[in-house]
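Structure, as structure tokens:
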């Protein structure tokens, strides 16, 4: 099933400067795996060293946050759009 | 190189003072020319870290999308983020680095005892190992020179 993946501006430099890429994937996790398999430099920005999606990386299937679906196991269907949406965090060391 | 005019820089400082002792935060909208970028407008956002607003800030995915929409409406790009470090130097913390995205400019203003002081800008290295300082070019606001 062909799904479209939207890459945020901050990460496009690691994805051949593309705003969107398409993969045949059965789940959200499968699509992300193909994305980071194709563009290996993306991996460190999306995943922690132990392979979990970073806390400030939000993955949406169409308009739903996958945390409220079946996370990376969320099934996809033809024509779905997966979006990587940043949240921004930081602060002084105290 | 990040170009910020004095009016916008003062606004960031004012937000830092206004929100002291909490951290202020928001988006910077502007143009990115490859070699350098210029801040043209700010999009202030609410610090969502209710539990620890004095030493943390958080901008949600919804706020991120709102900032992107605003940039698009103004014909600009979302080029970075500003936040304050109350009673702490204008240097990125380890927490800043761990949570940072590449490409964006991260402007930090130090606010000491309620008074804004240093302002710096930083970019995350591509390997996430460190923040690199980004030179700031201080410009005059449009229309200031007659």
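Quick notes
- When the range A:16-47 is filtered for residues that are within 14 Å of chain B (Cβ to nearest Cβ), in contact (Cβ under 8 Å) with a residue 24 or more places away in the chain and either under 21 Å from residue A:67 (Cα atoms) or buried (at least 20 other Cβ atoms within 10 Å of the Cβ) (or both), the ones remaining, listed by number, are A:42, A:45, A:46.
- Any hit, the range A:66-78, residues being farther than 30 Å from residue B:95 by Cβ, free of Cβ contacts under 8 Å to residues at least 60 places away in the same chain and assigned to a strand (DSSP E or B): yes
- Residue A:90, sole failed condition from (1) in contact with a helix residue (DSSP H, G or I) (Cβ under 9 Å, 6 or more places away or on another chain); (2) within 11 Å of chain B (Cβ to nearest Cβ); (3) touching a residue at least 12 places away in the same chain (Cβ under 8 Å): (3)
- Test: residue in the range B:10-21 that is assigned to a loop (DSSP other than H, G, I, E, B) and at pLDDT 95 or above: yes
- Only residues that are under 24 Å from residue B:103 (Cα atoms) and surrounded by fewer than 18 Cβ atoms within 10 Å (Cβ to Cβ) were counted across the range A:66-82, and they come to 1.
- Each residue in the range B:14-43 was checked for being touching a residue at least 12 places away in the same chain (Cβ under 8 Å) and under 20 Å from residue B:123 (Cα atoms), and 19 of them qualify.
- Of residues in the range A:52-65 being within 13 Å of the chain's Cα centre (by Cα) and part of a loop (DSSP other than H, G, I, E, B), the one nearest to the other protein chains (Cβ to nearest Cβ): A:56
- Residue within the range B:30-40 that is surrounded by fewer than 23 Cβ atoms within 10 Å (Cβ to Cβ), part of a strand (DSSP E or B), more than 14 Å from chain A (Cβ to nearest Cβ) and in contact with a strand residue (DSSP E or B) (Cβ under 7 Å, 6 or more places away or on another chain) present: yes
- Note on the range B:57-146: enclosed strands (runs of 3 or more DSSP E) holding 3 or more residues that are more than 12 Å from chain A (Cβ to nearest Cβ), in contact with a strand residue (DSSP E or B) (Cβ under 9 Å, 6 or more places away or on another chain) and surrounded by 13 or more Cβ atoms within 10 Å (Cβ to Cβ) are B:115-124.
The values are calculated or read from the model by the stated rules, or taken from the named source; none is laboratory data. Nothing here was measured: the structure is a model prediction, and the numbers come from that model. No Cβ is skipped: glycine too gets one built from the backbone with ideal geometry, and neighbour counts run over all protein chains shown.
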